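Engineer: Let me begin by handing over the structure; questions about it come next.
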Amino acid sequence: MAKHSAGPADPFDTHDHSHCAATMLRRAEEQAQEEGVRLTPVRRRVLEILLESHKAMGAYEVLDRLAAEGFGKQPPVAYRALDFLVEQGFAHRVRRLNAYAACLSDQRDHAPAFLICRGCERVAEAESPELRAAILGLGAAHDFTVERGTVELLGLCGRCARDGVA
């Protein structure tokens, strides 16, 4: 199976994650400025929290972090920031985990597939132009315009498989 090198670093392999985080935070700041939307301190901090690892986080996990840092402890604080990040393409909702993950693509409008390891719970955002074309083709074949879609695949990453996670 061919890997697409243009996508983000593979979270299942060791890499410089600080580079992922810095690159995506810079993209978010530039895009927000270009589009005239505000990356408020709370929104920025939520994005930073999501960028800390390749694990998806639940809204209440994010809220606990925000509350500990003095940003407020009411659920709307986290949910509004997460909704904004998803709307702007800075984060994705991973429905299988009822959680959110930072978007690691340099393209705003894209159709990622999420590879979710059931062992370590890391999430890889995989780009596949072939999958996107197939989804758009499926919609067109049924006179349907696909505006947004998410593919989530559950399995084991190489490390968990080697470690014998059942």
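Each value in this text was obtained by applying a stated rule to the coordinates, not by laboratory testing. All values derive from a computational prediction rather than experimental measurement. Heads up, the Cβs are rebuilt from the backbone with ideal geometry, glycines too, and the neighbour counts pull from every protein chain shown.
Engineer: Please report the antiparallel percentage of DSSP beta bridges with both residues in the stretch 53-161, rounded to the nearest 5.
Structural biologist: Roughly 65 percent of the DSSP beta bridges within the stretch 53-161 come out antiparallel.
Engineer: I would also like to ask the following. What FRET efficiency do you get for LYS73 and ASP143 if R0 is 35 Å and r is their Cβ-Cβ distance, rounded to the nearest 0.05?
Structural biologist: Plugging the Cβ-Cβ distance into 1/(1 + (r/R0)^6) gives 0.15.
Engineer: Could you estimate the translational diffusion coefficient of the chain from the Stokes-Einstein equation, with Rh from the Kirkwood formula over C-alpha pairs, at 10 °C and 1.306 mPa s, in whole µm²/s?
Structural biologist: Roughly 94 µm²/s, to the nearest whole number.
Engineer: Further, regarding this structure: Full extension from GLU48 to GLN33: what is 0.36 nm times the residue separation minus their Cα-Cα distance, to one decimal in nm?
Structural biologist: Between GLU48 and GLN33, full extension yields 3.7 nm more.
Engineer: May I ask which residue of ALA67, PRO129, TYR79 lies farthest towards the positive end of the charge dipole of the chain, with charges of +1 (Lys, Arg) and -1 (Asp, Glu) on Cβ and the Cα centre as origin?
Structural biologist: Working it through, the farthest residue towards the positive pole turns out to be ALA67.
Engineer: Counting only the backbone N, which residues of the stretch 140-163 are under 11 Å from the spot 7 Å out from the Cα of GLU121 toward its beta-carbon?
Structural biologist: none
Engineer: So what is the relative contact order for the stretch 17-162, in percent, with contacts set as C-alpha pairs under 8 Å and at least six apart?
Structural biologist: This gives 20 percent for the stretch 17-162.
Engineer: Order of ASP163, ASP83, ASP143 from fewest to most other C-beta atoms within 10 Å?
Structural biologist: Placing the least packed residue first, the sequence is ASP143, ASP163, ASP83.
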